[in-house]
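Remarks on the structure that follows.
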Amino acid sequence: MLSLKLFVVLSKAYKTMMERATKDMKQHGLSPSEFMILEVIYSKRKVPLQQIGDKILITSGSITYNIDKLEKKGLLRRVPSAEDRRITYAEITKEGDDLFDRIFPQHADVIHGMMNTLTTDEKLNTIELIKKLGKGVEE
């Protein structure tokens, strides 16, 4: 029974936190998928499209759809690889950089605010326990 209770508590916590994070992402005119893709590209600068799905929890079909939307908004561009014709990169544009320079610190503050009920040690312990839980499921 304790395992079921833990599952419910984790699920409810995730749902509540994602609802708050999603609300913040949407206020900037981005869907959660668009925001997460842009965040990956913002931090890495240039990422092969095939690798984006490995970094976030989005299907490849959804990645293509969202890359198209972000490209239409002028926030990123597709760049073919000079070395390998099978690879296309997503690269952030100046407009994408400017937007993320402005909104990411605010978003990080929202996330920090949600986590401020835990001490640094509790956060570190929680990270390790959730990683352990995830790895145990994979095995």
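The values are calculated or read from the model by the stated rules, or taken from the named source; none is laboratory data. The structure presented is a predicted model; accordingly, all values stated were derived computationally and were not measured. Note that we place each Cβ from the backbone using ideal geometry, even for glycine, and neighbour counts take in every protein chain shown.
Could you list, in sequence order, all residues of the range 83-96 that are modelled with pLDDT under 95 and of a type in the set (Asp, Glu)?
Across the range 83-96, the qualifying residues are 83, 84, 91.
Go through (1) of a type outside the set (Phe, Trp, Tyr); (2) part of a helix (DSSP H, G or I); (3) under 16 Å from the mean Cα position of the chain (by Cα) and name the single condition residue 58 misses.
All conditions are met except number (2).
Among (1) at pLDDT below 90; (2) part of a strand (DSSP E or B); (3) farther than 26 Å from residue 106 by Cα, there is one condition residue 47 misses while meeting the rest; what is its number?
(3)
Return the residues of the range 63-82 that are buried (at least 16 other Cβ atoms within 10 Å of the Cβ) and in a loop (DSSP other than H, G, I, E, B); say none if nothing qualifies.
Those that are buried (at least 16 other Cβ atoms within 10 Å of the Cβ) and in a loop (DSSP other than H, G, I, E, B): 73, 75.
In the range 100-113, which residues are surrounded by 12 or more Cβ atoms within 10 Å (Cβ to Cβ) and over 16 Å from the mean Cα position of the chain (by Cα)?
none
Condition first: part of a loop (DSSP other than H, G, I, E, B), in contact (Cβ under 8 Å) with a residue 24 or more places away in the chain and surrounded by 15 or more Cβ atoms within 10 Å (Cβ to Cβ). Can you find one or more residues in the range 83-96 that meet it?
no
Return yes or no: is residue 125 surrounded by 12 or more Cβ atoms within 10 Å (Cβ to Cβ), in a helix (DSSP H, G or I) and at pLDDT 95 or above?
yes
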